[in-house]
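Below is one structure; the comments refer to it alone.
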Amino acid sequence: MATNTKPAEPTVEELRALLKEKEQEIAALRRNTGTSAPAQTAYTEDGDALKRRVTIRLPIAGNKEPLFVRFGDETFTIRRGVDVSIPYYIWLHLEESRQAEDAIQMRMNDLTGSFADRVELYRL
């Protein structure tokens, strides 16, 4: 009878050591290729800094329903048109979502514009 054993999960210390090792490898590769290091990413930020509270006000522009945000196991309902205090990591999540929506909108505008241009070519 076969037994199903799961491999032991690595500890936080082992993961940090592996991360440090990989960052050193990347730094060595960058030195060899002459490229510069990117800006610091969010995973290196202090946990307390990510949990600090920020105050935002969502615009009402056409949509009066509150914004529902789920991040991990936490859920937030953010009212529009009033000042609301939320954790910084939720604000980062909202900004990333907004940037993604803007990028999609720009891409859609490019595609519809090029489609309209091609349609005009067929109308002789």
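The values are calculated or read from the model by the stated rules, or taken from the named source; none is laboratory data. Everything numeric in this text was worked out from a predicted model, so none of it was measured. Every residue, glycine among them, receives a Cβ derived from its backbone with ideal geometry; neighbour counts consider all protein chains shown.
Select from region 57-83 the residues that are in contact with a Lys or Arg (Cβ under 8 Å, 6 or more places away or on another chain), farther than 18 Å from ARG98 by Cβ and exposed (fewer than 10 other Cβ atoms within 10 Å of the Cβ) and list them in ascending order.
LYS64, ASP83
Go through (1) modelled with pLDDT of 80 or more; (2) among the aliphatic types (A, V, I, L, M); (3) part of a loop (DSSP other than H, G, I, E, B) one by one and return the number of the condition ALA27 breaks.
(3)
Restricting to region 75-124, count the residues that are touching a residue at least 24 places away in the same chain (Cβ under 8 Å) and outside any helix (DSSP H, G or I).
Summing the residues that are touching a residue at least 24 places away in the same chain (Cβ under 8 Å) and outside any helix (DSSP H, G or I) in region 75-124 gives 7.
For region 32-80, which residues satisfy the criterion of being at pLDDT 80 or above and among the charged types (D, E, K, R)?
Selection gives LYS51, ARG52, ARG53, ARG57, LYS64, GLU65, ARG70, ASP73, GLU74, ARG79, ARG80.
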